[in-house]
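The values are calculated or read from the model by the stated rules, or taken from the named source; none is laboratory data. What you are looking at is a predicted structure, and each value in this text was computed from that prediction instead of being measured. A quick note on method: Cβ atoms are made from the backbone with ideal geometry, for glycine too, and the neighbour counts reach across all protein chains shown.
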Amino acid sequence: MMQLLAIDWSVVGVKAGQLILALSILVILHEFGHYITARWFGCRVEKFYLFFDPWFSLFKKKVGDTEYGVGWLPLGGYVKISGMIDESMDKESMKLPPQPWEFRSKPAWQRLIIMLGGIIMNVIVAVVIYAMVLFTWGDKKIPGDSIKYGIAVTDSTLYKMGLRNGDKILSIDGHKVSDFEHLLKSILLSENVITIERNQQVQDLKVPIDLLGQLIENKKKGRISLIEPRKPSMVFYVPDTSDAYKGGLRKNDKIIEIDNTPIVYHDDIISVLKDKANQSVQVKVNRNDSIIGLALKINAESKIGFVPYGYDYFQMDSLGWLKMVITKYSFVESIPAAVSKAKGDLNFYVAQFKKMGNYKTGAYKGMGGFKGIANAFPGEWNWESFWSMTAFLSIVLAFMNLLPIPALDGGHVMFTLYEMITRHKPNEKFLEYAQMAGMILLLLLMLYANGNDWFGWGK
């Protein structure tokens, strides 16, 4: 009960709202890709649904030959094309002679395009959204060599691997760090070495094969961040009702000593206070070039209770601790830039998927469902973040639907390509069994992913 009360339900609501809206947009557009290509080739589309509708639907309206509706089971959506073996498993209609308006009556190349319609639409949607984001907000990057004080290591696994506070990461697997945000992704997918500069000396750190699995385990234990730009021990904000404020701590104070231990950076504070929960400490601060001694009470989380300078990248940029480079694009320039960004996201996800297929990496532990996807959205509504995440999810959906699993678009594509190559159409009974097997597999994967989210089944 106490755990439920501790949850910030407003944040949960915002994340859930973004997830539902993003998936609804992507599902509708994905299915529209199938719908428009099917109609283009003269196929009859019997149903066009957002979400699934077993037993009943929340809304439905028939227009012409097509019933449009919203189901109650939010696990995707579908279009039912006449004469096609799909998730509806309409076996009775398949026993009847083929009709000209049916999917099965069309040439293989037309059926292939219809099956690829949703995937193609997802790719187009991702590029369009990214172009809109780049045109509206620009592309924000933090060059790795612009981080003045190096990194602060906030994950024990990375520390064990050899990374230290103050290190400057030069390259990962031989690739230069051009953007700090991409640095985190690169670490997750690294396979060989991370090259760093420490005390003006360059050295290589070997990456363990199960690094990703270890990091996932740490995340499940509540450790969210991995690394962040290192920042000096400057106070930005102190709540006037806090013990820190009552003890005399003020904005712009620079903490220089705690219990006779010198302090330079914010991570020094974290290190010194990690075993001092609910204790009092002696603190020295530099305030307007004057040294002031304070007696401060440490809270139950081993923190003084203030917000440091450098709480976001824009502030750190204004202080000269790093450089935020914003590249603006015209409408025309945004299109090739969006294509490049979509390609980069696809490469990242494919690399992640390959890691997940290798048991030794432990990446399978990170397979997540709706909770994991929702947590990828920010806790407050931000349109730039929302659209960027929606574009990425569109790329993910395109890739996942292309997998050659029966019941997915990729399964239908696989069987159609087989037919085009061999000039032999697969047996309809075989296709029915394959469809059922694919649906069972997908349901099991969905069950595992969501169980992993909530109960840590992959541990």
- Filter segment 194-210 down to residues that are among the hydrophobic types (A, V, I, L, M, F, W, C) and assigned to a loop (DSSP other than H, G, I, E, B) and give me whichever is nearest to K323 (Cα to Cα). V207
- Message: One residue is enough: does segment 353-370 have a residue meeting the conditions part of a helix (DSSP H, G or I) and more than 27 Å from I216 (Cβ to Cβ)?
- Response: no
- Quick check: anything in segment 240-258 buried (at least 20 other Cβ atoms within 10 Å of the Cβ) and in contact (Cβ under 8 Å) with a residue 60 or more places away in the chain? yes
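Quick grid of which residues meet (1) crowded, with 16+ Cβ neighbours inside 10 Å; (2) not in a strand (DSSP E or B):
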site	(1), (2)
L29	yes, yes
T37	yes, yes
Y49	yes, no
F59	no, no
W72	no, no
L75	no, no
V79	yes, no
G83	yes, yes
- Message: Suppose the filter is among the β-branched types (V, I, T) and modelled with pLDDT of 80 or more; does I335 pass it?
- Response: yes
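Identify, from the list F392, F386, F348, F377, the residue that is under 30 Å from E191 (Cβ atoms), among the aromatic types (F, W, Y), surrounded by 15 or more Cβ atoms within 10 Å (Cβ to Cβ) and at pLDDT 90 or above. Walk me through it before giving the result.
Details: F386 fails: under 30 Å from E191 (Cβ atoms); F348 fails: at pLDDT 90 or above; F377 fails: at pLDDT 90 or above.
Of F392, F386, F348, F377, the one residue that is under 30 Å from E191 (Cβ atoms), among the aromatic types (F, W, Y), surrounded by 15 or more Cβ atoms within 10 Å (Cβ to Cβ) and at pLDDT 90 or above is F392.
How about segment 155-178: which of its residues are in contact with a Ser or Thr (Cβ under 9 Å, 6 or more places away or on another chain), small (G, A, S) and either under 24 Å from Y265 (Cα atoms) or buried (at least 16 other Cβ atoms within 10 Å of the Cβ) (or both)?
S171
For segment 276-290, does any single residue satisfy the condition of being closer than 30 Å to M367 by Cβ and without any contact (Cβ under 8 Å) to a residue 40 or more places away in the chain?
Within segment 276-290, not a single residue is closer than 30 Å to M367 by Cβ and without any contact (Cβ under 8 Å) to a residue 40 or more places away in the chain.
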- Query: If the Cβ limit is 7 Å and pairs must be 6+ apart or interchain, which residue in segment 336-353 that is β-branched (V, I, T) pairs with which residue that is surrounded by 15 or more Cβ atoms within 10 Å (Cβ to Cβ) and in a helix (DSSP H, G or I)?
  - Reply: V339/V127; V350/F399
- So which pairs qualify, if the first residue must be in segment 120-144 and part of a helix (DSSP H, G or I) and modelled with pLDDT under 95, the second must be surrounded by 18 or more Cβ atoms within 10 Å (Cβ to Cβ) and small (G, A, S), the Cβ gap must be under 6 Å, and the two must be at least 6 apart or on different chains? none
- Message: For segment 236-256, give me each residue that is outside any loop (DSSP other than H, G, I, E, B) and hydrophobic (A, V, I, L, M, F, W, C).
- Response: F236, A244, I255, I256
- Go over the candidates L322, L296, L273 one by one and state the one that is hydrophobic (A, V, I, L, M, F, W, C), outside the structural domain of Y130 (by TED's automatic domain parsing), under 27 Å from the mean Cα position of the chain (by Cα) and surrounded by 15 or more Cβ atoms within 10 Å (Cβ to Cβ). L322
- Query: Restricted to segment 61-70, and to residues that are charged (D, E, K, R) and part of a strand (DSSP E or B), which residue is nearest to L447 (Cα to Cα)?
  - Reply: E67
- Matching entry among L170, L163 (being in a strand (DSSP E or B), on the phi < 0 side of the Ramachandran plot and more than 21 Å from the chain's Cα centre (by Cα)): L170
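Let's see how each residue does on (1) assigned by TED's automatic domain parsing to the domain that holds V413; (2) modelled with pLDDT under 90; (3) out of contact with any Gly (no Cβ under 6 Å at 6 or more places or on another chain):
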residue: P54; (1), (2), (3): yes, yes, yes
residue: K60; (1), (2), (3): yes, no, no
residue: E67; (1), (2), (3): yes, no, yes
residue: G76; (1), (2), (3): yes, yes, yes
residue: S88; (1), (2), (3): yes, yes, yes
residue: K95; (1), (2), (3): yes, yes, yes
residue: Q99; (1), (2), (3): yes, yes, yes
- Mind listing just one residue for me: the one in segment 179-193 that is surrounded by 14 or more Cβ atoms within 10 Å (Cβ to Cβ) and not in a helix (DSSP H, G or I) and, of those, modelled with the highest pLDDT? V193
